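Scroll down for the structure; my scribbles are underneath it.
What follows is calculated from the coordinates using simple rules that are stated; it is not laboratory data. Because the structure is predicted, anything quoted here is derived from the model rather than measured. We place every Cβ from the backbone using ideal geometry, glycine too, and count neighbours over all the protein chains shown.
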Amino acid sequence: MADESKFEQAKGNVKETVGNATDNKDLENEGKKDKTSGKAKEKVENVKNKANDVINKFKK
């Protein structure tokens, strides 16, 4: 999942850059959304992993 969120962030960055360079506001905004979505997914995954680590410590 982390790779997917990083890919989504990179894809968004490319879209945003191309949209900005070509003055295409729709593409630029789509890129911003992709980047934000990728970052949010990454944070959720990190929280999930930390919660699982805590749970595993209590199971031992």
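Give, as a single signed number, the net charge of other residues whose beta carbon lies under 13 Å from the beta carbon of Ser5, with Lys and Arg counted +1 and Asp and Glu -1.
Residues near Ser5 contribute +1 overall.
Which residue, chosen from Ser37, Thr22, Ala2, occupies the Cα position most advanced towards the positive end of the dipole of segment 2-59, where the dipole is computed from +1 (Lys, Arg) and -1 (Asp, Glu) charges on Cβ about the Cα centre?
Working it through, the farthest residue towards the positive pole turns out to be Ala2.
Among Val14, Val47, which comes first, second and so on when ranked by fewest other beta-carbon atoms within 10 Å?
Val47, Val14
In terms of Cα to Cα distance under 25 Å, which lysines are near enough to Lys33, apart from those fewer than 8 places away along the same chain?
Cross-link targets: Lys6, Lys11, Lys15, Lys25, Lys41, Lys43, Lys48.
Per the helix-only calculation at 222 nm, which mean residue ellipticity applies to the chain, given -39500 (n - 2.57) for every DSSP H run of n ≥ 4 and division by its residues, nearest 500 deg cm²/dmol?
Rounded to the nearest 500, it is -33000 deg cm²/dmol.
For segment 23-31, what does the Karplus curve 6.51 cos²θ - 1.76 cosθ + 1.60, with θ = phi - 60°, yield as ³J(HN,Hα) per residue in whole Hz, taken in order and with x for Gly and Pro?
6, 9, 5, 5, 5, 4, 5, 4, x
Between Lys57 and Lys43, what is 0.36 nm times their sequence separation minus the Cα-Cα distance? Round to one decimal in nm.
Going from the current span to full extension adds 2.9 nm.
Starting from the Cα-Cα distance between Asn29 and Ala2, subtract it from 0.36 nm times their residue separation and give me the gain in nm to one decimal.
7.4 nm
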